[in-house]
1. I'd like to check which helices (runs of 4 or more DSSP H) are fully inside region 1-87 and have at least 2 residues that are of a type in the set (Lys, Arg) and touching a residue at least 24 places away in the same chain (Cβ under 8 Å).
2. Going by the conditions given, is Thr74 crowded, with 20+ Cβ neighbours inside 10 Å and either at pLDDT below 95 or not basic (Lys, Arg) (or both)?
3. Inside region 40-64, can you point out the residues that are over 12 Å from the mean Cα position of the chain (by Cα) and more than 19 Å from Phe82 (Cβ to Cβ)?
4. Go through (1) closer than 20 Å to Phe115 by Cα; (2) within 15 Å of the chain's Cα centre (by Cα); (3) not aliphatic (A, V, I, L, M) for Gly28 and report which single condition fails.
5. Name the residues in region 95-116 that are surrounded by fewer than 21 Cβ atoms within 10 Å (Cβ to Cβ), assigned to a helix (DSSP H, G or I) and touching a residue at least 12 places away in the same chain (Cβ under 8 Å), would you?
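The values are calculated or read from the model by the stated rules, or taken from the named source; none is laboratory data. All values derive from a computational prediction rather than experimental measurement. All Cβ positions, even for glycine, are placed from backbone atoms using ideal geometry, and neighbour counts span all protein chains on display.
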Amino acid sequence: MKHRDELFSYLTTALWSSGDREYEHLDGTFMVSDIADETMKQARKDIESFMERAAEFLHPNDPTSHIGHDFWLTRNGHGAGFWDGDYVNGDKLTELSEQFGELTPYIGDDEKIYFS
């Protein structure tokens, strides 16, 4: 996979920033390996699409290790993300992220993590 680091950062942020009635933060109990296959495929697709569309807005001085993290936070309106970071074109990356819409992680009956 071309954007492995961005995908891992995106998924770990999804677990860290999300919870449910039983778990304050999903990352206290679940790992990336607990994400359902179909959800993983959709996450890969979203990261690939985002990175392709964001290429014109990314700058060599941008903190590339946080792109997946900031994509998750921004698309889900967490109050942090591209717009408050150290990105040269943070406003453009924010606008692009918001076009992907919000996702909510949840625990399925099979104890796997899904996004809705």
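1. Details: elements: 4-16, 37-54, 67-75.
Output list reads 37-54.
2. Numbers: crowded, with 20+ Cβ neighbours inside 10 Å: yes; either at pLDDT below 95 or not basic (Lys, Arg) (or both): yes.
Yes.
3. Lys41, the sole residue that qualifies.
4. (2)
5. Leu96, Glu98
Residues are listed down the side, and each one gets a yes or a no for (1) over 14 Å from Phe8 (Cα atoms); (2) of a type outside the set (Gly, Ala, Ser):
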| site | (1), (2) |
| --- | --- |
| Arg44 | no, yes |
| Ala54 | yes, no |
| His59 | yes, yes |
| Asp70 | no, yes |
| Gly85 | yes, no |
| Glu102 | yes, yes |
